[in-house]
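One structure below.
The values are calculated or read from the model by the stated rules, or taken from the named source; none is laboratory data. Quick caveat, the model's predicted, so the values are computed rather than measured. When the accessible area is computed, the model is the full protein with side chains, heavy atoms only, and any ligands, DNA or RNA have been set aside. Shrake-Rupley method; radii C 1.70, N 1.55, O 1.52, S 1.80 Å.
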Amino acid sequence: MGAKVLESFAAGAPRGSLPAEEYAARRRAEGEPATVVMDLKSDTFLVVVPAGEED
């Protein structure tokens, strides 16, 4: 199963993961199954959705 990245947020930001969580919540309110994951290699929080078969 793959994932499509909708947005990324720097992990070193003063508010931590909160901006990513807020963005994901807005996407979920619009019906997208968005989740937040941490990419340790790039030190960023990623908002992702499951990749569709067309991707």
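Axis angle, to the nearest 10 degrees, between helix 18-29 and the longest C-alpha principal axis of the chain: 20 degrees.
When a/c is below 1.5 the answer is rounded, else prolate if a/b is larger than b/c, else oblate, so apply that to the range 4-55 with a ≥ b ≥ c taken from the square roots of the Cα gyration tensor eigenvalues. Because a/c hits 1.5 or more and a/b fails to exceed b/c, the range 4-55 counts as oblate. Probing with 1.4 Å while keeping every protein chain in the model, the per residue accessible area of the chain equals 69 Å².
Applying 0.36 nm per residue to the separation of Lys4 and Met38 and subtracting their alpha-carbon distance, the gain on full extension is 10.8 nm. Nonpolar atom fraction for the chain, defined as the carbon and sulfur part of the 1.4 Å probe accessible area, stands at 54 percent. Between Ala34 and Arg28, the built amide H atoms are under 5 Å apart, and every one of these is 5 or more places off in sequence or on another chain.
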